[in-house]
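The values are calculated or read from the model by the stated rules, or taken from the named source; none is laboratory data. The model shown is predicted, which means the values in this text are computed figures rather than measured ones. So basically every Cβ, Gly included, is an ideal-geometry build from the backbone, and we count neighbours across all protein chains shown. These accessible areas exclude ligands, DNA and RNA; they are computed on the full protein's heavy atoms, side chains included. Shrake-Rupley method; radii C 1.70, N 1.55, O 1.52, S 1.80 Å.
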Amino acid sequence: MKKIIPLILILLSFLFQQVKADFMPSYTNSVNHYGIGAAKITNFVTIYEKPDINSKILQKIYWNNIGNLLFENKENTEKFSDVFLTFLPQDNIVLLSVEDENDEWIEVCYNQKLKLFGWIKKENKNSYAKFYSYRDLLLEYGKKYGIYIYRNLPYEYKKLYSGPNKEAREIDEFKYAKYISPWLVQGNWVLVKVTTYDNKTKTGWFRWRDNDGRLYCFVNLK
């Protein structure tokens, strides 16, 4: 009976505030803070002011696999797109952008709009968070799902080079890609195989982020 009561309270709380939707960044300005990578989180997340479980709790966020989303603290944000780098709960893929990390804690941006930061513990009761650098995210998830280019990326950036730098020879270009598969990441460049909508295959180095860390593409998790 004691175990049932907290569950009922959580379910009831969803009735007061919920949002049902998925979120994947589609444009270069979809995400205000990219940081150094992403934290994949399961079940729920408690965000602390400092990397210490005795510090102030800034926010608690709960969700379920049909996209219901609850913020315990309503002062900061109520929109999933203000919080997550990616929010696909039906696939158990929930990502927050990461500012810093250590062996036990990850510093995340929990409000993209206001650029608010806090700390989450990598292992905390029934919740689990794993840090991925963007390089690791591209290789682990990109090889499985492919990657996509942001819709508003200027055409001059959709070029393939013979090496991982702008001084290398430009060998090809593409306007629309049906599928992009990453093979190797070196710095801000990724070696890709691009399949266009007319089923032509093009291979070369593509610049996947700028020197300030802003991404030109993302893992195609959908």
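Miscellaneous remarks
- Carbon plus sulfur fraction of accessible area for the range 115-159, probe 1.4 Å, in percent: 47 percent
- Set of lysines with alpha-carbon distance to K79 below 25 Å, sequence-local pairs under 8 removed: K20, K40, K50, K56, K60, K113, K115, K121, K122, K130, K222
- Largest-first ellipsoid semi-axes for the range 77-130, taking √(5λ) over the Cα gyration tensor eigenvalues, angstrom: 18, 15, 9
- Centroid-to-centroid separation of the range 133-197 and the range 30-71 [C-alpha atoms, Å]: 29 Å
- For a label point 7 Å along the Cα-to-beta-carbon line of R214, residues of the range 144-187 with backbone N under 15 Å: 150-158
- Cut-off 19 Å (backbone N to label point 7 Å along Cα→Cβ of N43), residues of the range 119-148: 119-131
- Paramagnetic label reach from E123 (point 7 Å along Cα→Cβ; backbone nitrogen cut-off under 20 Å): within the range 31-49, residues 39-48.
- The chymotrypsin sites (Phe, Trp or Tyr not before Pro) of the range 162-222 that DSSP puts in a loop, and whose beta carbon has at most 10 other beta carbons within 10 Å, are Y176.
- The chain, relative contact order in percent, only Cα pairs under 8 angstrom and at least six apart counted: 18 percent
- Residues of type aspartates and glutamates that K144 reaches as a straight line, Cα spacing below 19 Å, ignoring anything fewer than 8 places off in the same chain: D91, D136
- On the range 27-90, 43 percent of the accessible area sits on carbon and sulfur atoms, based on a 1.4 Å probe.
- Rounded to the nearest 20, the Cβ-based charge dipole of the range 124-222 about its Cα centre (Lys and Arg +1, Asp and Glu -1) stands at 360 debye.
- Cα-based reach from K158 at 20 Å (exclusive), listing aspartates and glutamates while leaving out same-chain residues under 8 positions away: E167, E170, D172, E173, D198, D210, D212
- Rolling a 1.4 Å probe across the protein heavy atoms gives the range 56-155 an accessible surface of 48 Å² per residue.
- A crude spin-label estimate for the pair E72 and R151, with each label 7 Å from Cα along the Cβ direction, gives 3.6 nm.
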